[in-house]
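Everything on this sheet refers to the single structure shown next.
The values are calculated or read from the model by the stated rules, or taken from the named source; none is laboratory data. These numbers come from a predicted model, not from an experiment. With ideal geometry, Cβ positions are generated from the backbone for all residues, glycine too; neighbour counts draw on all protein chains shown.
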Amino acid sequence: MQQIAIEINKVPDDSKIRKRIKPLGSKDTVKYRLYNSYNPVTKKYNLRDVCIPNRDIVTDPETGKTYEIAFVKNYGPNMQPVFGDIWFDATGLCQFTLHGNRVQHRKIYDFIEMSNYLADNPNRDQSAPILIERVDESTDSNTLRKIRKNKQQAFNLVDTMSDEEITSFLRANNMPVGSSEFARRDTVEEMIEKGEAEKLLKSSVSSEPTGADHAKTIEALKKSERIAYDKTTRSWTAKDGTLLFILDKGIGKSPVGDFAKFLTTKKGAESLVKLKGLEGANEGKIEE
């Protein structure tokens, strides 16, 4: 019985899937690394041999059409595809470089760049596992910057959370619930220090737009100089001089966290309205 050739790698050139991919020229090179195989904070490797899936289903975000893609080394009888393997091995520090002057390398490049496994693919299916990351001179510095930003956001979030929310988070993540509020907050902050800020940032400890959202707005408005904090008077003011909040005196007070908490109360409603007005002012929507 004659086999029917498999329809594969038929993504149209005008598809958004392909349009975002820069052609790999004959003199070009691109380096890939197994995702999470290197920690730029500790500078330690988590090396192992991994064979990446050589087939995937991708969706054009504009048309909604789906296509099967694969790393096809060549075609056999009746034009049946012969799939190749894509390995990350420990001896190569779980990374490899593709060269544009090699036919097979260009095939691997096209597959990786279109696949859902690539962390840098903006069109990837968010439910798919991230297995590959592009590597250049800025990759690890960008990662460190993101880690620092996430850590700061997580600490700000802890400042805005009530003891009930902290306790709920600890229980949901099977972490020890201390005998005091101080101990419970300390446990969460230790988790953040160890590099697990995203665990807290991705949690849903509250369905309301709580202090976490307000803290993010405060940081952005401060960065754009639409509000300012005076350490001497311990006060937050708007650009036009409007007083928004005065931080109480005491050890352990957080200018951002306590202001964000205040905005969740009835007393802070007027200041919250002012912030929302500043956020959507003529200067344009603030960037995160």
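I'm checking my understanding of the structure. Among residues of region 152-172 that are touching a helix residue (DSSP H, G or I) at 6+ places or on another chain (Cβ under 7 Å), at pLDDT 85 or above and of a type outside the set (A, V, I, L, M), which one is surrounded by the most Cβ atoms within 10 Å (Cβ to Cβ)?
Top of the filtered list is 169.
Please work out if residue 72 is more than 30 Å from residue 147 (Cβ to Cβ), touching a Lys or Arg at 6+ places or on another chain (Cβ under 6 Å) and surrounded by 13 or more Cβ atoms within 10 Å (Cβ to Cβ).
no
Does residue 76 satisfy the condition of being modelled with pLDDT under 95 and farther than 22 Å from residue 121 by Cβ?
Against the criterion (modelled with pLDDT under 95 and farther than 22 Å from residue 121 by Cβ), residue 76 qualifies.
Within region 174-191, is there a residue that is part of a helix (DSSP H, G or I), over 13 Å from the mean Cα position of the chain (by Cα) and hydroxyl-bearing (Ser, Thr, Tyr)?
Yes: one or more hits.
Can you name the number of the only condition in (1) at pLDDT below 85; (2) within 17 Å of residue 153 (Cα to Cα) that residue 186 fails?
Residue 186 satisfies all of (1) at pLDDT below 85; (2) within 17 Å of residue 153 (Cα to Cα) except (1).
Of everything in region 23-42 that's surrounded by 19 or more Cβ atoms within 10 Å (Cβ to Cβ) and of a type in the set (A, V, I, L, M, F, W, C), which residue is farthest from residue 102 (Cα to Cα)?
Among those that are surrounded by 19 or more Cβ atoms within 10 Å (Cβ to Cβ) and of a type in the set (A, V, I, L, M, F, W, C), it is 34.
If I filter region 122-138 down to residues being under 27 Å from residue 43 (Cβ atoms) and without any contact (Cβ under 8 Å) to a residue 40 or more places away in the chain, which single residue comes out as farthest from the chain's Cα centre (by Cα)?
Among those that are under 27 Å from residue 43 (Cβ atoms) and without any contact (Cβ under 8 Å) to a residue 40 or more places away in the chain, it is 137.
Identify all residues within region 95-115 that are part of a loop (DSSP other than H, G, I, E, B) and either more than 21 Å from residue 48 (Cβ to Cβ) or not polar (S, T, N, Q) (or both); write none if there are none.
100, 101, 102
Within region 109-151, which residues are within 17 Å of residue 87 (Cβ to Cβ) and buried (at least 18 other Cβ atoms within 10 Å of the Cβ)?
Once the filter is applied, which keeps residues that are within 17 Å of residue 87 (Cβ to Cβ) and buried (at least 18 other Cβ atoms within 10 Å of the Cβ), region 109-151 yields 109, 111, 112, 115, 117, 118, 131, 132, 133.
Could you list, in sequence order, the residues of region 23-62 that are within 18 Å of residue 147 (Cα to Cα), touching a Ser or Thr at 6+ places or on another chain (Cβ under 8 Å) and not in a loop (DSSP other than H, G, I, E, B)?
Of everything in region 23-62, just one residue is within 18 Å of residue 147 (Cα to Cα), touching a Ser or Thr at 6+ places or on another chain (Cβ under 8 Å) and not in a loop (DSSP other than H, G, I, E, B), namely 45.
I'd like the residue in region 66-94 that is assigned to a loop (DSSP other than H, G, I, E, B) and without any contact (Cβ under 8 Å) to a residue 40 or more places away in the chain and, out of all such residues, is nearest to residue 128 (Cα to Cα).
Among them, the one singled out is 85.
When you check residue 11 against the structure, is it touching a strand residue (DSSP E or B) at 6+ places or on another chain (Cβ under 9 Å), outside the structural domain of residue 131 (by TED's automatic domain parsing) and crowded, with 16+ Cβ neighbours inside 10 Å, yes or no?
yes
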